[in-house]
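The values are calculated or read from the model by the stated rules, or taken from the named source; none is laboratory data. Computed from a predicted model, the values in this text were never measured in an experiment. Using ideal geometry, Cβ is built from the backbone for each residue, glycine included, and neighbour counts are taken over all protein chains shown.
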2 protein chains.
Amino acid sequence: MKETKPSPAGDLRVAESFRRWVAMPVDQASCPVRDVLDRLGEKWVTLLVMALVERPRRFSELFRLVPDISKRSLTQALRSLEQDGIVTRHVFPTTPPAVEYRLAPLGATMLEPLAAMIAWAEDNHGRIRAARRRYAAAEAKRSGASGSASS
Amino acid sequence: MKETKPSPAGDLRVAESFRRWVAMPVDQASCPVRDVLDRLGEKWVTLLVMALVERPRRFSELFRLVPDISKRSLTQALRSLEQDGIVTRHVFPTTPPAVEYRLAPLGATMLEPLAAMIAWAEDNHGRIRAARRRYAAAEAKRSGASGSASS
DNA sequence: AGTCAAAGGTCTCTATCCGAGACCATGTCT
DNA sequence: AGACATGGTCTCGGATAGAGACCTTTGACT
């Protein structure tokens, strides 16, 4: 049963984190939260982490699994994840070469908060779509009102 | 069994969510998780949610608070959040007009998972930076090896 | 009375990103 | 011999994001 009240401790941490960030003079690039969250916000990153939860996968496997990614973006996203220690990359010098990507321990610790976000997304997707419809309707009425006789 | 699995239920949910997504034939755009997560991944969105945790804020307040955002991007991000029902927008017809942005109830429910992500980011920022340094060092050694005579 | 500033944007220009798809080296299968 | 698979890289063109000029309205200041 989920309580409607938001979590006070979590909220405080969010607010505090933001306050800490905004206190920094120029060095926003090195704000830990932004640094990490911007990375995770990169288009394919979370999706690829999801794809590696079950088991390691090879490059072309991932490429086939995610239909609308390009090789270029896949390479970039995997490099990014590898750099950050979220996934590891193993080259098997077979022929043709096989490259396996695997969730690193650090990546595994990410799954818990990621799962929370995903759960939230699934739980609230309906509400969000409803809000979008309301917004679109309100906007249509607004722009329509300028064309039709008002009041 | 696996080694230390932090959250088996969460991992399962992530994997299941991904499997559901990949089962969709063409309609990836309507995958709930991608739909929502792509939105939240938009560059400034989470940061603005963080900025609104404490209290509602006005447009220029946010603009000053986030030093490296442009007005255009701020407007876009706030519109996006408004469309999704994460924030509400109130116009006070004073002069000059004041516009207040406030976290909507739906936005408040987001704080819990967001706090989890932020906590993870703060806790693991050091490890991530270390991983990046290791990667950079390894890369430097690789490209340096091509210059020097290797074996 | 004229000028200036502030709020909340919009508009334009440019830089960056992303996907599509060609290309590559190599070894296997037909 | 030639097509094919692997794991990429490279280039191209369109979409997207950021910087910063500009706009409008009105009150305050000179």
> Among the numbered criteria (1) touching a residue at least 60 places away in the same chain (Cβ under 8 Å); (2) more than 21 Å from residue A:130 (Cβ to Cβ); (3) within 16 Å of DNA strand D (Cβ to nearest atom), which single criterion is violated by residue B:118?
Replying inline: (3)
> If you check B:112, B:42, which single one turns out to be of a type in the set (D, E, K, R), within 25 Å of residue A:50 (Cα to Cα) and in contact with a Gly (Cβ under 7 Å, 6 or more places away or on another chain)?
Replying inline: B:112
> Pairs, please: C-beta under 7 Å, at least 6 apart or cross-chain, first residue within 14 Å of residue A:103 (Cβ to Cβ) and in region A:59-82, second assigned to a helix (DSSP H, G or I) and within 10 Å of DNA strand D (Cβ to nearest atom)?
Replying inline: A:62/A:74
> Can you tell me how many residues in region A:96-123 are touching a Ser or Thr at 6+ places or on another chain (Cβ under 7 Å) and at pLDDT 95 or above?
Replying inline: 2
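Within region A:85-94, take every residue that is within 8 Å of DNA strand D (Cβ to nearest atom) and over 22 Å from the mean Cα position of the chain (by Cα) and give me the one that is farthest from residue A:47 (Cα to Cα).
Applying the first criterion (within 8 Å of DNA strand D (Cβ to nearest atom)) to region A:85-94 yields A:89, A:91-92.
This time we only want the ones that are over 22 Å from the mean Cα position of the chain (by Cα), so: A:91-92.
Values: A:91: 22, A:92: 24 Å.
Per the stated criteria, the residue is A:92.
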